[in-house]
Amino acid sequence: MADVNRTWVLARRPHGTDFTGALELSDGVVPELAEGEVLVRNALLSLDAGTRMWMNPREDSYSPPTPLGSPVIGMVLGTVVASRHPDFRQGDLVRAYGQWSDYSVCQPDVAYAERLSWRLDDLRQYLAVFGPNGWTAYLGVLEYTQTKPGDTFVVSAASGVTGALAGQIAKQHGCRVVGITGSAAKCAWIVDELGFDAAIDYRSEDVSEALARLCPEGIDVYFDNVGGDILDAAMANMALFGRVGICGLIVNYDKDEPIPGPYKFDQILMKRLTLVGFFSPDFYHRGPDVDRKMRPWYEAGKLKMEFDVTEGLENTLDAYAKLFNSAKVGKSLVQLEELRP
Ligand SMILES: NC(=O)c1ccc[n+]([C@@H]2O[C@H](COP(=O)([O-])OP(=O)(O)OC[C@H]3O[C@@H](n4cnc5c(N)ncnc54)[C@H](OP(=O)(O)O)[C@@H]3O)[C@@H](O)[C@H]2O)c1
């Protein structure tokens with residue numbers, strides 16, 4: 001075991017995507033475990049948009065802010081190298097809340113940690129289709145927004161992991177699916193590779209006009225990953241009794257203050273809309289059940305995913321900024337080492 005444990009520490013609150021000005025890579029020793037803890041050698045770090053929110057000092061978010069001077073917390077996939085927890089053994093493959101570091105100290109009785117099988121064909125999918133993003137997409141589409149076959153379904157951040165899965169799940173469920181994303185190439189990917197019916201490039205098109213053209217009967221379900229102007233454009237084009245699922249509001253995350261809106265709030269009354277928010281830790285316990293339901297689609301090639309993999313812990317910040325500046329497709333990961341049973 002290497003005796004140095006490098007860790008990304010939140011030294012200052014970031015402004016925008018200036019992560020290099022806010023986070024520092026500190027050298028430490030591999031921690032000693034307390035009773036109930038598990039030491040995981042991180043193989044993959046999951047880069048999640050929501051992590052940016054914890055870097056802000058907001059007290060009214062769904063998780064408390066990361067205290068200055070502490071490690072950045074995130075979902076990791078890795079192997080157990082030491083355990084003082086009865087349910088985890090050396091060599092186990094685990095997905096858990098850990099740290100952006102070489103090793104994670106996990107506390108399974110306090111925060112999410114789960115032992116996994118080594119049998120999945122592509123272990124990266126434990127952080128994509130068969131992980132919190134997949135569960136959020138599945139339950140967001142089929143339960144929270146009550147999406148029905150035949151619905152016109154629109155999703156934003158459609159070339160990112162959660163949006164790409166939500167659109168593919170809606171498609172499998174018999175919907176007409178329109179995705180909103182940030183370039184012509186990404187539009188081509190979601191239509192040609194993922195099977196969406198249509199795509200809108202929010203950087204070069206008027207989103208409201210494009211939605212009106214592509215959804216002439218109105219949008220039955222809008223799965224929002226973005227907020228801001230795109231949420232307003234969708235609100236203006238909803239069908240009567242439509243549903244809006246608030247999965248994420250990424251335009252807010254790197255702002256010092258949340259941006260105001262939606263300005264089309266009155267459409268909730270005019271169109272008798274239902275708005276619903278959902279948050280994956282509320283349903284982590286349902287993950288195995290959702291995985292079983294998605295497996296046939298995955299095995300039939302109906303749930304596809306690209307991976308944007310960056311090698312090396314030291315390159316984490318550049319990789320993370322790509323979530324906010326439209327510089328990647330699919331699921332973002334940092335790879336620290338190869339996973340081997
Ligand atoms: N509720 C939950 O439990 C839950 C769970 C997972 C994720 N989420 C939410 O889902 C959303 C996506 O997160 P993710 O982790 O899956 O990351 P992701 O979608 O893989 O990456 C973020 C995507 O957001 C898009 N984006 C960034 N800034 C934007 C802007 N200003 N306007 C429009 N699009 C923008 C980018 O796509 P383009 O290239 O198209 O610009 C980027 O690909 C986030 O809002 C996140 O909070 C929520």
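The values are calculated or read from the model by the stated rules, or taken from the named source; none is laboratory data. Bear in mind the structure is a predicted one, so any value in this text is a computation, not a measurement. Don't worry about glycine lacking a Cβ; one is built from the backbone with ideal geometry, like all the others, and counts go over all protein chains shown. The protein model used for the area step is the full one, side chains on, heavy atoms only, and it has no ligands, DNA or RNA in it. Shrake-Rupley method; radii C 1.70, N 1.55, O 1.52, S 1.80 Å.
Considering segment 199-234, and only residues there that are in a strand (DSSP E or B) and more than 15 Å from the ligand (Cβ to nearest atom), the residue that is most open to solvent (accessible area, probe 1.4 Å) turns out to be 220. When restricted to residues that are crowded, with 19+ Cβ neighbours inside 10 Å and in contact with a Lys or Arg (Cβ under 7 Å, 6 or more places away or on another chain), segment 314-330 contains 2. Here residue 24 meets each of (1) in a loop (DSSP other than H, G, I, E, B); (2) of a type in the set (Asp, Glu); (3) over 24 Å from residue 113 (Cβ atoms) with one exception, condition (1).
Based on what the data block shows, is residue 298 surrounded by fewer than 16 Cβ atoms within 10 Å (Cβ to Cβ), on the phi < 0 side of the Ramachandran plot and modelled with pLDDT of 95 or more? Write out each step before concluding.
Numbers: surrounded by fewer than 16 Cβ atoms within 10 Å (Cβ to Cβ): no; on the phi < 0 side of the Ramachandran plot: yes; modelled with pLDDT of 95 or more: yes.
Taking the combined requirement at face value, the residue does not satisfy it.
Pairs meeting the criteria (first residue in segment 149-171 and more than 19 Å from residue 203 (Cβ to Cβ), second residue assigned to a strand (DSSP E or B) and near the ligand (Cβ under 9 Å from one of its atoms), beta carbons under 8 Å, at least 6 apart or on different chains) are 161/330; 161/331; 161/332. Of the strands (runs of 3 or more DSSP E) contained entirely in segment 105-196, those carrying at least 3 residues that are touching a strand residue (DSSP E or B) at 6+ places or on another chain (Cβ under 8 Å) and open to solvent by less than 20 Å² (accessible area, probe 1.4 Å) fall at 152-156, 176-181.
So is residue 300 away from the ligand (no atom under 14 Å from the Cβ), touching an Asp or Glu at 6+ places or on another chain (Cβ under 8 Å) and not assigned by TED's automatic domain parsing to the domain that holds residue 118 or not? Walk me through it before giving the result.
On the way: away from the ligand (no atom under 14 Å from the Cβ): yes; touching an Asp or Glu at 6+ places or on another chain (Cβ under 8 Å): no; not assigned by TED's automatic domain parsing to the domain that holds residue 118: yes.
No, not satisfied.
All of 319, 327 fail the test of being within 16 Å of the ligand (Cβ to nearest atom) and assigned to a helix (DSSP H, G or I), apart from 319. Number of residues in segment 265-293 that are touching a residue at least 12 places away in the same chain (Cβ under 8 Å), in a loop (DSSP other than H, G, I, E, B) and away from the ligand (no atom under 16 Å from the Cβ) equals 4.
Residues of segment 61-78 that are open to solvent by 20 Å² or more (accessible area, probe 1.4 Å) and either among the polar types (S, T, N, Q) or part of a loop (DSSP other than H, G, I, E, B) (or both): 61, 62, 63, 64, 65, 67, 68, 69, 70.
Quickly run through segment 239-263 and pick out the residues that are without any contact (Cβ under 8 Å) to a residue 60 or more places away in the chain, part of a loop (DSSP other than H, G, I, E, B) and surrounded by 19 or more Cβ atoms within 10 Å (Cβ to Cβ). The answer is 249, 262. For segment 21-60, the set of residues classified as loosely packed, with under 14 Cβ neighbours inside 10 Å and of a type in the set (A, V, I, L, M, F, W, C) consists of 29, 34, listed by residue number.
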